[in-house]
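Presented below is the structure to which this report refers.
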Amino acid sequence: MIFTILKVIGIILLVVLALILTALLCVLFVPVKYRAVGSFDNTDIRAKAHVSWLFHLFALHIDYAQETDGYIRLAFVKKKLFDNYEALDDDDMDEAAKTETEDKVSENTGDEPKIPADESEHITDEQAEDESTAQTHNEQRTVTDENQHIKQQTKPTHKRTYKKPHKKQFKDKSDKIKNCIYKLKREYSDERNKAAFLHLKKELFIILKRICPRRLKLTMVYSTGSPDTTGISLGVLACFPVGYTNRWRITPDFESENPYAKGSFDIKGHVIVISILAATLRILFDKNCRRLYNRISR
């Protein structure tokens, strides 16, 4: 009996460990795929972005046009990311426009509501009481303003002492940034730290290469409004090898007198967590990088 219970507990523990190990391997080795497609016509930009992982078990989708819409999905649970408010109906918009027009007409004409003759005397008495009350409030306000003016003249340094802490905090932050930049320049010029900076450069390029998209297609027709600047910009774009490797199709328009740009793009790639984690661990366990960190953090 006891042996059977221990056997069942052992099987459950093995199943749990196997599930944990499977989940860990999936996180490390299953790539996170992303893709973005869209088109643009001057300021009119339309794009769709999609991120998925583990056979679309986890997915993130964002659609951008005149309004931004998107959702996030985990297994079979889907949740919207943006709440788009519904527009008004035509009847509601007509009614609102009619009300606004009537208000503007009444303001411009200066029409006032008619008052019956039997209530004119009562309203006159109320107006007289309101005028006396307003005069009393104005006198009290004048006395209060004079007292505040006297206090400001007797204590001119109160405002300055309030602003001093803010200036001090800003100065302290700027001093820290300047000190950090000075330390980086000093350590970069030191011969003993060249190995650390070379190692950092190598690993950061590896991380950037793993993150960058594998495909970056671009189709564009553009003009700057002038033939000479259009040709110069085309020569600048031709200097980047990313255009050759991805076969960009860029067509200049030398005849247009107005600047414009329209086209489409397609970006696709994936990220493997184990490669990013391995590069980060190589930086952390490098003795030269640790020594550089200790020298800067002093």
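The values are calculated or read from the model by the stated rules, or taken from the named source; none is laboratory data. Fair warning: this is a prediction, and the values are worked out from it, not measured in the lab. Neighbour counts are summed over all protein chains in view; Cβ atoms, including those assigned to glycine, are modelled from backbone coordinates with ideal geometry. Ligands, DNA and RNA are stripped out before the accessible areas are found, and what is left, the full protein with its side chains, is counted by its heavy atoms. Shrake-Rupley method; radii C 1.70, N 1.55, O 1.52, S 1.80 Å.
Conditions (1) under 29 Å from Met220 (Cα atoms); (2) more than 26 Å from the chain's Cα centre (by Cα); (3) at pLDDT 95 or above; (4) open to solvent by 80 Å² or more (accessible area, probe 1.4 Å), marked per residue:
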site	(1), (2), (3), (4)
Val8	no, yes, no, no
Val15	no, yes, yes, no
Leu19	no, yes, yes, yes
Ala23	no, yes, no, no
Val27	no, yes, no, no
Tyr34	yes, no, yes, no
Val37	yes, no, yes, no
Sort out which residues of the range 246-260 are of a type in the set (Ser, Thr, Tyr) and either closer than 14 Å to Leu234 by Cα or in contact (Cβ under 8 Å) with a residue 60 or more places away in the chain (or both), and write them in order of number. Thr251, Tyr260
So which of Phe265, Phe197, Phe205 is in a helix (DSSP H, G or I), open to solvent by 40 Å² or more (accessible area, probe 1.4 Å) and in contact (Cβ under 8 Å) with a residue 40 or more places away in the chain? Phe197
So which residues in the range 214-246 are open to solvent by 60 Å² or more (accessible area, probe 1.4 Å) and among the aliphatic types (A, V, I, L, M)? Ile232, Val236
I'm trying to understand the selection: among the residues of the range 247-262, which are open to solvent by less than 40 Å² (accessible area, probe 1.4 Å) and among the polar types (S, T, N, Q)? Ser256
Taking the condition open to solvent by 80 Å² or more (accessible area, probe 1.4 Å) and at pLDDT below 95, does Ile2 pass? yes
Given Thr245, Thr230, which one is touching a Pro at 6+ places or on another chain (Cβ under 7 Å) and farther than 19 Å from Ala47 by Cβ? Thr230
Please work out which one of (1) part of a helix (DSSP H, G or I); (2) at pLDDT 95 or above is the condition Tyr293 fails and give its number. (2)
